[in-house]
Amino acid sequence: MNAVFTIIVIFSAVIIAFTAPDKLLSGLLSGAENSLKTALTLFCIYAVWMGLSRLAEKSRLSEKAAKAALPLAKKVFKTNNLKAAEHIAMNLSCNLIGIGGAATPYAVKAIGELEKEGNSFAQKLLFVINATSIQLVPTTVITLRAAAGSTSPSDIFLPSLICTAVSTATAITLYILYTKLNRKKRGK
């Protein structure tokens with residue numbers, strides 16, 4: 001992938017150097033400036049949400065949420081592991097508010113806990129849910145749109161909700177069907 005990206009950058013630079021040489025340096029500098037602004041915006045978003053997540057852990061709010069979510073975790077993820085349920089609850093809540101980057105560490109921790117009990121079904125299901133991540137509020141996208149100067153950054157709310165709900169439902173359905181078909185094959 002790096003080779004493809006490098007070829008595209010070199011090819012583009014050569015084309016611009018011949019067609020509009022005065023735009024080459026200014027284009028590179030404005031691109032770097034925009035990249036830095038976006039990176040700083042994302043850093044701030046994740047710093048705030050990871051800080052709030054850490055507060056939820058320290059105040060044991062995440063543990064209480066895990067206990068409340070344990071019946072669902074037992075049913076959906078087929079686990080009795082409270083620590084895994086806590087990490088699953090935090091992962092799902094981060095994904096629901098649109099901060100997938102903050103959700104990933106919780107998924108990794110949950111998968112580690114699920115691995116201890118040999119629950120590969122739950123590991124794979126959590127991976128599928130984390131990858132598609134239904135978002136009630138796409139905070140990262142809204143913030144990036146606002147930082148980019150969008151006049152109405154929250155217009156993405158409904159389309160994002162519909163798309164992520166459909167993609168998550170489809171992925172879960174396909175995974176469960178695959179699991180059932182695979183079990184039937186082994187049973188023969």
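The values are calculated or read from the model by the stated rules, or taken from the named source; none is laboratory data. This one's a predicted model, so the numbers in the text were calculated from it and none came from an experiment. Glycine also receives a Cβ, built like all others from the backbone with ideal geometry; neighbour counts cover every protein chain displayed. Ligands, DNA and RNA are stripped out before the accessible areas are found, and what is left, the full protein with its side chains, is counted by its heavy atoms. Shrake-Rupley method; radii C 1.70, N 1.55, O 1.52, S 1.80 Å.
Being more than 20 Å from A73 (Cα to Cα) and open to solvent by less than 70 Å² (accessible area, probe 1.4 Å) is a property that T151 lacks. Number of residues in region 165-178 that are of a type in the set (S, T, N, Q) and surrounded by 14 or more Cβ atoms within 10 Å (Cβ to Cβ) equals 2.
So for region 139-155 (the condition being more than 20 Å from I45 (Cα to Cα) and under 19 Å from the mean Cα position of the chain (by Cα)), does at least one residue qualify?
No, region 139-155 has no match at all.
The set of residues in region 136-148 being open to solvent by 20 Å² or more (accessible area, probe 1.4 Å) and within 16 Å of S53 (Cβ to Cβ) consists of V137, T139.
For region 91-128, a residue qualifies if it is within 12 Å of the chain's Cα centre (by Cα), polar (S, T, N, Q) and buried (at least 17 other Cβ atoms within 10 Å of the Cβ), and the qualifying residues are N91, S93, N95.
Contact map, region 97-110: residues that are closer than 11 Å to Y46 by Cβ paired with residues that are open to solvent by 10 Å² or more (accessible area, probe 1.4 Å) and of a type in the set (A, V, I, L, M, F, W, C), Cβ distance under 8 Å, separation 6+ or inter-chain. Pairs shown: I99/I45; I99/W49; G101/L42; A102/W49; A102/M50; A103/M90; A103/L92.
For K74, indicate whether it is more than 15 Å from the chain's Cα centre (by Cα) and surrounded by fewer than 15 Cβ atoms within 10 Å (Cβ to Cβ). Yes. For region 36-64, the set of residues classified as open to solvent by 50 Å² or more (accessible area, probe 1.4 Å), free of Cβ contacts under 8 Å to residues at least 60 places away in the same chain and over 20 Å from the mean Cα position of the chain (by Cα) consists of L36, L55, K58, S59, R60, L61, K64, listed by residue number.
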